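No value in this document is a laboratory result; all are computed from the given coordinates. Just so it is clear, the model here is predicted, and its values are computed rather than measured. Here the Cβ positions follow ideal geometry from the backbone for every residue, glycine too, while neighbour counts run over all protein chains shown.
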2 protein chains.
Amino acid sequence: MALIVQKFGGTSVGTVERIRNVARRVAKWKAAGHDVVVVPSAMAGETNRLIALAKEIQPNPDPRELDVVASTGEQVSIGLLSMALMELGVRAKSYTGWQVKFLTDSAYTRARIVSIDEERIRADLKQGCVVVVAGFQGVDQAGNITTLGRGGSDTSAVALAAALKADECQIYTDVDGVYTTDPRIVPGARRLRTITFEEMLEMASVGSKVLQIRSVEFAGKYRVPTRVLSSLTDPLLPVETEARSGTLITFEEDPHMAMEKAVISGVAAQRDEAKITVHSVPDKPGIAYAILGPIADAHIEVDVIVQNVSHDGMTDLSFTVARADLAKALKLLREQVQPHIQCRDVTGEERIAKISIVGMGMRSHAGIAAKMFRTLAEEGINIEMISTSEIKITVVVDEKYTELAVRVLHKAFELEQE
Amino acid sequence: MALIVQKFGGTSVGTVERIRNVARRVAKWKAAGHDVVVVPSAMAGETNRLIALAKEIQPNPDPRELDVVASTGEQVSIGLLSMALMELGVRAKSYTGWQVKFLTDSAYTRARIVSIDEERIRADLKQGCVVVVAGFQGVDQAGNITTLGRGGSDTSAVALAAALKADECQIYTDVDGVYTTDPRIVPGARRLRTITFEEMLEMASVGSKVLQIRSVEFAGKYRVPTRVLSSLTDPLLPVETEARSGTLITFEEDPHMAMEKAVISGVAAQRDEAKITVHSVPDKPGIAYAILGPIADAHIEVDVIVQNVSHDGMTDLSFTVARADLAKALKLLREQVQPHIQCRDVTGEERIAKISIVGMGMRSHAGIAAKMFRTLAEEGINIEMISTSEIKITVVVDEKYTELAVRVLHKAFELEQE
């Protein structure tokens with residue numbers, strides 16, 4: 001008998017019939033003898049509807065009031081899901097964020113969880129109840145309603161699993177796990193049965209949208225065994241089968257898990273990126289800050305940053321930004337930064353993509369980077385930028401090569417074979 | 001400078017544009033120097049939508065979970081209205097029922113208010129804020145969400161006005177006050193500038209749908225000066241004009257108000273009633289309970305009850321029920337009651353109406369009842385039942401006479417003249 005936290009996304013509770021299916025799935029786990037806590041998102045489209053209403057009234061909605069409005073979506077879901085469970089003869093009880101309570105800071109619309117008081121949940125579990133908790137929302141010290149920002153329900157579920165010391169946090173979603181790469185690009189892409197938390201973090205940061213990066217961080221920090229699995233399967237699939245489905249996020253320290261791992265776990269691609277180069281700036285202390293500080297102040301997120309060795313005291317600094325931010329970033333650099341730093345030019349390139357390979361195995365295997373570069377070179381794909389971390393190598397290439405690069409890397413690292 | 005609580009119904013906040021109009025109206029009162037607390041209902045249709053969703057999942061929804069779901073409607077309204085006020089440059093802050101807090105008992109879907117902690121509201125008012133409070137909802141001692149039942153927002157507003165010792169509670173609705181009778185029946189019906197709380201209570205009990213009877217009771221208990229006025233006028237109508245509009249509920253003890261009053265304040269009609277007569281039952285103790293007990297157990301509401309003097313130890317007992325309950329009540333009486341009480345027959349009459357005249361003045365004026373009966377007799381309207389209270393006389397007549405009865409009584413008591 002285990003304690004399991006199950007999170008269901010907005011699509012999974014998007015209609016009455018789907019809510020019934022979620023209830024059937026939950027009831028099945030409960031009937032198998034497990035204690036179950038469920039965290040549903042708002043019904044699909046509901047949060048967007050509420051935010052649109054707010055923006056119609058106040059184009060730049062007051063964050064406190066926006067959270068009051070936006071948090072109602074999950075509140076409706078917990079009530080409805082509890083009813084659906086009762087209709088199946090399962091005892092169920094719902095809690096909002098403030099009832100649990102999920103104490104957060106006061107950063108409306110993007111609050112951080114401070115603590116979770118799980119007493120009432122434990123008491124209800126002891127009574128044989130399935131407990132249904134609203135994700136995405138909390139309450140600050142002063143009693144104001146807060147929300148955790150988009151994708152916050154994943155974070156709520158993982159945090160709750162951590163607080164309850166649950167045996168597993170199951171994130172039900174519309175994909176059936178984490179793949180070696182995007183199956184739309186490589187039909188032979190393979191579902192990973194396990195992935196380490198570090199790999200998952202890197203995958204999330206380079207475009208794998210399976211889990212919010214914040215919830216992965218939480219899972220890592222509190223070592224919550226977290227499983228990504230499909231909500232589209234038959235809700236009455238045997239528990240034993242479902243328990244082995246999807247992808248389990250593990251922790252490297254588990255030697256058994258580590259031994260099983262291939263060198264590389266996956267290939268990720270991220271489009272909608274753009275590259276900015278500041279040409280021939282004096283290579284002196286403070287220059288990177290002089291360029292990137294104003295970018296950060298303008299709330300433009302910068303990803304890969306590369307600075308080459310200097311020639312004659314001059315260097316080039318390149319970095320990537322979201323394509324939607326390119327025009328704004330260029331304008332800012334040309335008008336506010338260029339006059340002060342004596343660079344030769346600021347240029348932007350709109351059509352680039354980031355291709356990453358991720359794997360714990362590369363820590364102990366030499367030559368992974370070389371193999372990646374050679375594979376791309378053999379296909380005539382020019383590498384514009386390179387950035388590496390301990391378990392990830394990212395290259396920036398012309399966007400038109402995205403699919404080709406993913407396919408040849410997937411093949412070169414033999415990801416189709418288990 | 002006064003402290004005013006303003007309540008706006010679902011139609012008044014039914015669209016973004018209407019919410020803006022409510023904000024303009026509130027801002028106007030604030031600009032005139034008043035402290036304003038606003039209690040909006042859920043946007044029109046929203047509560048019904050939520051309840052329908054719940055019933056789709058659970059035909060007989062769990063009351064605790066139904067309140068979790070249904071209370072979100074008002075939560076959305078308070079956020080949106082606060083935003084609309086800010087957009088006009090007015091400082092505003094919203095509170096849900098549990099934030100205020102409105103402490104209630106645990107009778108989900110029809111909770112009663114136990115106490116209101118108005119500290120935070122006072123503090124915000126002092127800061128110059130307009131405070132926007134969710135009506136209809138509260139929280140019980142254990143922290144569960146409760147709702148006050150349909151029309152509960154009126155009760156919330158009046159109760160809040162009582163707790164804050166507000167100078168006036170203004171209930172904005174889609175009629176512009178309380179009339180001497182239904183203007184659709186009598187075009188010359190006149191708006192009452194004032195009505196006593198007792199009269200309002202009687203009017204509410206006989207079909208005037210202007211205010212929920214429960215909120216009237218609250219107004220009476222705590223002597224909250226409550227004004228019913230229109231939300232359909234120009235929101236920028238001068239405050240001085242609006243302050244004198246509608247109908248103010250007063251308390252008889254105010255001698256100035258009492259002196260102004262006519263003998264009769266209004267004529268009310270209620271259709272959709274049916275009459276049941278239990279013929280020739282033995283006139284002995286316990287017989288009324290034997291008949292009406294099972295009716296109450298079946299949750300059928302009984303209104304006018306009349307028992308005539310007995311002849312030869314036998315009597316007839318008649319009472320009215322809602323027309324929709326007639327068949328059920330007759331079946332129950334014939335199958336479960338008749339076998340035990342030795343009555344001759346149980347009959348039902350479907351097409352009746354209740355006509356009432358209401359007025360504090362009848363306490364001190366003799367002959368009011370006689371005048372009412374004579375007026376009806378002169379028109380050939382047969383009176384089937386009579387029931388009286390201190391300030392109300394109700395007669396039951398054939399439904400086809402409804403309009404005629406209302407018109408002639410309105411004229412006979414000279415209600416068209418101020």
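Couplings 3J(HN,Hα) for the range B:132-147, derived from phi with the Karplus relation 6.51 cos²θ - 1.76 cosθ + 1.60 (θ = phi - 60°), are 10, 10, 5, x, 6, 10, x, 9, 8, 4, 8, x, 7, 6, 10, 10 Hz, where x marks Gly and Pro. Taking the number of Cβ atoms within 10 Å of each Cβ as an exposure proxy, the fewest-first ranking of A:Lys55, B:Lys275, A:Lys7 is A:Lys55, B:Lys275, A:Lys7.
In the protein assembly as shown, helical runs assigned H by DSSP with n ≥ 4 each contribute -39500 (n - 2.57); averaged across all residues and rounded to the nearest 500, the mean residue ellipticity at 222 nm is -10500 deg cm²/dmol. Sorted from nearest, the other copies put their B:Ala31 label points 6.4 nm away, the label point being 7 Å from Cα in the direction of Cβ. Just name one of B:Gly380, B:Ala42, B:Val132: the one whose Cα is farthest towards the positive end of the charge dipole of chain B (beta-carbon charges, Lys/Arg +1, Asp/Glu -1). The residue sitting farthest along the positive end of the dipole is B:Val132. Stokes-Einstein diffusion for chain B, with the hydrodynamic radius set to the Kirkwood value over Cα pairs and evaluated at 10 °C in a medium of 1.306 mPa s, equals 68 µm²/s. In the protein assembly as shown, the DSSP beta bridges split such that about 65 percent are antiparallel, to the nearest 5. Any idea which of A:Ala23, A:Gly361, A:Ser245 is furthest toward the positive side of the dipole for chain A, if Lys and Arg beta-carbons carry +1 and Asp and Glu beta-carbons -1? Result: A:Ala23.
Of all trypsin sites (Lys or Arg not before Pro) in the range B:340-418, which ones are in loop regions per DSSP and have a Cβ with at most 15 other Cβ atoms within 10 Å? Can you show the working numbers first?
Working: sites: B:Arg344, B:Arg351, B:Lys354, B:Arg363, B:Lys371, B:Arg374, B:Lys392, B:Lys400, B:Arg407, B:Lys411; in loops: B:Arg344.
For trypsin sites (Lys or Arg not before Pro) across the range B:340-418 that sit outside H, G, I, E and B with at most 15 neighbouring Cβ atoms in 10 Å, the list reads B:Arg344.
Each Lys and Arg Cβ is given +1 and each Asp and Glu Cβ -1; about its Cα centre, the range A:13-58 then shows a dipole of about 240 debye. Other residues lying with their Cβ under 15 Å from the Cβ of A:Gln99 contribute a combined charge of -3, Lys and Arg counting +1, Asp and Glu -1. Taking the charge dipole of the range B:266-412 about its Cα centre, with +1 at Lys and Arg Cβ atoms and -1 at Asp and Glu Cβ atoms, the residue from B:Gly266, B:Thr277, B:Ile305 reaching farthest to the positive side is B:Gly266.
For the residues B:Leu148, A:Leu236, what sequence is obtained by ranking on other C-beta atoms within 10 Å, fewest first? Write out the running numbers ahead of the final one.
On the way: B:Leu148 29, A:Leu236 12.
Least crowded to most crowded, the residues run A:Leu236, B:Leu148.
The spacing between the range B:152-168 and the range B:380-418, judged by their C-alpha centroids, is 34 Å.
I need the shape label for the range B:1-133. Rule: rounded when a/c is under 1.5, else prolate if a/b > b/c, else oblate, with a, b, c from the alpha carbon gyration tensor.
Details: a/c = 2.87, a/b = 1.55, b/c = 1.86.
Oblate, because a/c is 1.5 or more while a/b does not exceed b/c.
Chain B versus the axis that turns it onto chain A: the residue with the nearest Cβ and the distance in whole Å amount to B:Thr72, 2. Within the listed set A:Gln212, A:Gln342, A:Gln99, the residue fluctuating most in the Gaussian network model of chain A (springs between alpha-carbon atoms under 10 angstrom) is A:Gln342. Sorted from nearest, the other copies put their B:Leu237 label points 6.2 nm away, the label point being 7 Å from Cα in the direction of Cβ.
Using a 10 Å cut-off around each Cβ, can you sort B:Glu242, A:Glu390, A:Glu350, B:Glu202 from fewest to most neighbouring Cβ atoms? Please report the intermediate quantities before stating the final value.
Values: B:Glu242 22, A:Glu390 9, A:Glu350 12, B:Glu202 28.
Arranged by neighbour count, lowest to highest, B:Glu242, A:Glu390, A:Glu350, B:Glu202 become A:Glu390, A:Glu350, B:Glu242, B:Glu202.
Dipole check for the range A:1-122: with +1 at the C-beta of Lys and Arg, -1 at the C-beta of Asp and Glu, and the Cα centre as origin, the magnitude is about 500 Debye. Scaled against 2.2 N^0.38 Å for its residue count N, the alpha carbon radius of gyration of the range B:266-412 is 1.11.
Assign unit charges at the C-beta atoms only (+1 for Lys and Arg, -1 for Asp and Glu), then state the dipole size of chain B relative to its Cα centre in Debye, rounded to the nearest 20.
Working: 48 positive and 55 negative charges, 176 e Å.
Dipole magnitude for chain B comes out near 840 debye.
Sparsely packed loop sites in the range B:155-218 (the trypsin sites (Lys or Arg not before Pro) outside DSSP H, G, I, E and B with at most 16 other Cβ atoms within 10 Å) comprise B:Lys165, B:Arg184, B:Arg193, B:Lys209. Here the protein assembly as shown is treated as an ellipsoid with the same Cα gyration tensor; its semi-axes, largest first and in whole Å, are 68, 34, 20.
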